Amino acid sequence: MKQRLSTLMVAAVMTASFAAHAQQPAKKAPPPAKAAAPAKKEGITAEFEKFREVLEEDNPAELFEAKGEDIWKNKKGPGGATMAQCDLGLGAGVVKGAYVQMPRWFADVGQVMDAERRIVHCMVKYLGYKEEDIRKQPFSNDQRTPDHVSVITYVAAQSRNLKIAAPQKHAKEIEAYRIGKEIFAYRAGPYDFSCATCHGDDGKRIRTQDLPNLRKPAEAVKAYQGWPGYRMTGGFMLTQQWRMNDCFRQQRFPEPTYLSDSITALLAYMTVTANGQVYKGPGIKR
Ligand code: HEC
């Protein structure tokens, strides 16, 4: 389906030419010296930003949004259950505004869940997806974007232009934020990195990529903005949980298990820090 869409072809061509200029993030993360390199604005960042703006007007993420909407509205599980029974925190079946109000406490499971975790939970519970299958391929690749990623994209899009408002009322929500803050600052691994090593100061960058200072509200929104994101180098959707796993890899930590408490806590920390800012919806990431 993808190849038939001219927007995607344009995206692919532009990506190719962009990739020729940009050094893509390599499989291996750069050595510590570079991680700590001070900012030096190069044309490439500005060039990418311009290019991203143009593409977002006709964002290929919409394809996945549409697929997710179809699953949410029409797919039935064994016994005829549907996602209309899924409570994302604002009542059964309410999607509008739900994405920007997670992570949150869910009394039915006695857990704080981020959006991705809650959506997978509902797809297993109501639509009969098997959690072990989802865990086999939690993230998209160029072969396949799993259904739950499309549903996440749909749900996220229903919070477009709404303010991020992750609640901090329940004791467990407050605890998740606190744990997330600790994980963010926790140094370990072969280079003694923490998230804060790369994302705790202003103006850091790795190669062509600016590293947001995620401790600051105005930049913490980058943990949110544009996610889930359509990855131009590959042509598929990636979620926040993917981003987290990839950063644990950057940090030379073992990759966390999919849908783990520590990721929910990290997302709670970064989301609450970004509270009050407007979420612009699924975006485009290189
Ligand atoms: C070795 C440096 C390094 C470490 C350590 C690191 N990251 Fe990252 N992080 C990156 C790079 C590189 C990117 C990609 C930036 C880009 O695409 O422009 C990134 C991107 C991100 C983004 C998305 C920003 C955006 O603009 O979309 C988030 C959120 C994030 N990291 C969070 C974390 C968290 C949480 C940790 C700790 C678990 C962490 N990072 C550890 C290097 C690092």
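FYI, it's all coordinate maths here, none of it is from the lab. All values derive from a computational prediction rather than experimental measurement. Counting neighbours? That spans all protein chains shown, and the Cβs are built from the backbone with ideal geometry, glycine included.
Of note:
- Pairs over the 18 Å Cα-Cα cut-off, from the set 50/285; 73/96; 76/96; 73/125: 76/96.
- Each residue of the stretch 194-206 was assigned a 3J(HN,Hα) from its phi angle through the Karplus expression (A = 6.51, B = -1.76, C = 1.60, θ = phi - 60°), giving 10, 4, 5, 4, 9, 10, x, 9, 6, x, 7, 8, 10 Hz with x at Gly and Pro.
- Using the Cβ of residue 277 as centre and a radius below 14 Å, the other residues enclosed give a net charge of +4, where K and R count +1 and D and E count -1.
- Projected label distance in nm at residue 107 and residue 84, using a 7 Å step from Cα toward the beta-carbon: 2.4
- Loop-resident sites, the stretch 179-222, for trypsin sites (Lys or Arg not before Pro), counting at most 15 other Cβ within 10 Å (DSSP): 187, 207
- A simple rule links phi to the HN-Hα coupling: the Karplus curve 6.51 cos²θ - 1.76 cosθ + 1.60 with θ = phi - 60°, which for the stretch 279-285 gives 8, 9, x, x, x, 10, 10 Hz, with x for Gly and Pro.
- Each part gets one Cα centre, and for the stretch 133-157 versus the stretch 166-192 those centres are 25 Å apart.
- For the stretch 159-262, the list of chymotrypsin sites (Phe, Trp or Tyr not before Pro) that fall in a loop by DSSP and count at most 16 other C-beta atoms within 10 angstrom reads 186, 191.
- Estimated FRET transfer efficiency when R0 is 22 angstrom, pair residue 278-residue 233 (beta carbons, to 0.05): 0.20
- Around the amide H of residue 112, modelled in the peptide plane, lie the amide H atoms of 106, all under 5 Å away and 5 or more residues distant in sequence or on another chain.
- Whether the stretch 141-184 is rounded, prolate or oblate, judged on the alpha carbon gyration tensor where a/c under 1.5 counts as rounded: oblate
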